[in-house]
Amino acid sequence: MAMEEYFSAVQKMEQLVLFPSLLRGVFEEQDDTATADFGEKDLYEHYLQLKSIKLTVEGGQVPREKCKLPVTNKEEKKENRGDANLEEQFYHHFTGLYHVLMTLTKKVNALTRKYNDIIGEINQNDTVITW
């Protein structure tokens, strides 16, 4: 369900954001928890990142440089206990993936709302000018 919501939100973003360059130099206000972790990147960088994540998930391949993640001692101990905890590990990672996808979906929706605000301001400014 979370993955479908994420893909749907990204697809909507891709359809609405016709001029991604309008997002350059635009930063989201930090008063919304959905955008609290946008960080110091502008919305254009986030737009590219969100599309890239979608393509990676669709393709089912993790880039080579991200395949080998550092393993902590706690994770090593879990792995050494054998296959007995595979179900537990699956649910742990599945829950983490679910939370990541929900956060990404919130980011996509916030970015799309901001783009719509920008387009609305541009359209409003165009209609105010009279010749």
Which of the residues belonging to the stretch 44-61 are open to solvent by 80 Å² or more (accessible area, probe 1.4 Å) and modelled with pLDDT under 85?
Glu58, Gln61
For Val100, state whether it is in a helix (DSSP H, G or I), under 25 Å from Leu16 (Cβ atoms), open to solvent by 50 Å² or more (accessible area, probe 1.4 Å) and at pLDDT 90 or above.
yes
The stretch 27-43, residues that are closer than 13 Å to Ala110 by Cα, open to solvent by 30 Å² or more (accessible area, probe 1.4 Å) and either at pLDDT below 75 or among the aliphatic types (A, V, I, L, M) (or both)
Glu29, Gln30, Asp31, Asp32, Thr33, Ala36, Asp37
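The values are calculated or read from the model by the stated rules, or taken from the named source; none is laboratory data. All values derive from a computational prediction rather than experimental measurement. Neighbour counts are summed over all protein chains in view; Cβ atoms, including those assigned to glycine, are modelled from backbone coordinates with ideal geometry. Accessible surface areas use protein heavy atoms only, side chains included; no ligands, DNA or RNA. Shrake-Rupley method; radii C 1.70, N 1.55, O 1.52, S 1.80 Å.
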